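Just below is one structure, and these are the notes that go with it.
All of the numbers you see were taken from the coordinates with simple rules; none came from a lab. This is a predicted model, so every value here is computed, not measured. Note: ideal-geometry Cβ built from the backbone for every residue, glycine included; neighbour counts use all protein chains shown.
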Ligand SMILES: [Zn+2]
């Protein structure tokens with residue numbers, strides 16, 4: 001399936017509801033509260049999209065128990081925003097999203113963060129260890145923010161670190177870490193990477209000891225331009241490709257990522273990278289599915305970042 005944004009599901013609320021119901025409940029609706037399939041579709045304008053469960057007597061809609069539940073944004077705009085986020089390689093600012101789908105900046109900001117929450121859910125569907133025997137997993141770190149530019153009278157903001165684990169020809173997982181040190185990075189590395197893997201890192205001393213816990217460990221000296229050696233085996237270009245997309249997104253689109261939300265931006269770039277073989281529509285479908293069963297983990301009182 002490859003829809004474009006002229007598709008009626010992005011403009012017509014009834015078609016959007018039918019599309020979401022069909023993808024969530026291909027065999028007919030089931031109650032999100034009790035799991036019963038003994039449900040009745042209610043009718044009329046005021047109860048469009050509403051179901052009544054004949055077992056627990058509770059009402060529900062296709063939004064219930066998903067990231068869409070507490071949102072007042074029409075579902076066709078949800079579908080459009082999700083499709084746009086799925087299709088935008090470098091991400092999409094809330095300001096641009098607001099203009100594109102016709103909502104306020106604040107609404108777009110919450111909508112984009114809820115979609116990232118759904119992306120986290122989609123990533124979590126594949127949470128087993130990365131790598132394995134004869135597999136190479138690269139670990140690398142990068143720093144975002146903290147540019148002194150435009151800050152003549154203030155101190156530069158602290159740079160925020162992101163550690164990415166990227167399997168060669170495979171998936172990526174990135175994490176915001178408060179401090180890049182051997183203890184904290186090891187905790188991420190050993191919980192996410194199968195120890196039968198080959199670990200590929202830069203020459204940072206933080207990787208030296210944890211490297212011994214893996215089948216093998218290669219440290220690449222970036223400064224010596226030793227990017228690709230051993231017939232193309234010893235390199236960390238996979239992680240660097242991931243980071244180059246991530247950094248272009250951060251610098252070009254988000255400018256400023258608040259520390260509180262950085263993990264969610266990581267999930268956004270992970271999801272797009274991990275579904276890079278899919279069409280934009282299929283990627284959007286994965287995101288929608290990932291939003292089922294998710295509860296928002298941020299507080300509504302969080303500062304709305306620029
Ligand atoms: Zn029920």
Approximate spin-label separation residue 13-residue 46, in nm, with each point projected 7 Å along Cα-to-Cβ: 1.5 nm
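Contact order normalised by length for the chain, with contacts defined as Cα pairs under 8 Å and 6 or more residues apart; what percent is it?
Working: 484 pairs, mean separation 68.9, N = 306.
It rounds to 23 percent for the chain.
Where Rh denotes the Kirkwood radius from the mean inverse Cα pair distance, what is Rg over Rh for the stretch 68-148?
Details: Rg = 16.7 Å, Rh = 15.1 Å.
Taking Rg over the Kirkwood Rh, I get 1.10.
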From zero up to wherever the largest Cα-Cα distance of the stretch 1-48 sits, split into 5 Å bins and tell me the percent of pairs in each. 5, 17, 21, 25, 16, 9, 6, 1
Residues in the stretch 116-143 that a label on residue 209 would reach, taking backbone N under 20 Å of a point 7 Å out along Cα→Cβ: 139-141
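Taking only the Cα atoms of the stretch 74-118, how large is their convex hull per residue, in Å³? Kindly include the intermediate steps, with their values, before the conclusion.
Working: hull volume 2.8 nm³, N = 45.
So the per-residue Cα hull volume is 62 Å³.
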Contour minus end-to-end for residue 64 and residue 37, with contour as 0.36 nm per residue of separation and end-to-end as the Cα-Cα distance? 8.2 nm
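Per 0.36 nm of contour for each residue apart, how much would the distance between residue 124 and residue 25 grow if the chain were fully extended, relative to their Cα-Cα spacing? Please report the intermediate quantities before stating the final value.
Values: separation 99, 0.36 × 99 = 35.64 nm, distance 2.08 nm.
Full extension from residue 124 to residue 25 adds 33.6 nm.
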Plugging the Kirkwood radius over Cα pairs into Stokes-Einstein for the chain, at a temperature of 4 °C and a viscosity of 1.567 mPa s, what D comes out in µm²/s? 61 µm²/s
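Using Cα pairs under 8 angstrom and six or more residues apart, how large is the relative contact order of the stretch 8-124, in percent? The partial results should precede the final answer.
Details: 122 pairs, mean separation 23.3, N = 117.
That works out to 20 percent.
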Percent antiparallel among DSSP beta bridges with both residues in the chain, to the nearest 5? 70 percent
Find the Cα radius of gyration of the stretch 1-104, compare it with 2.2 N^0.38 Å by division, and give the number to two decimals. 1.19
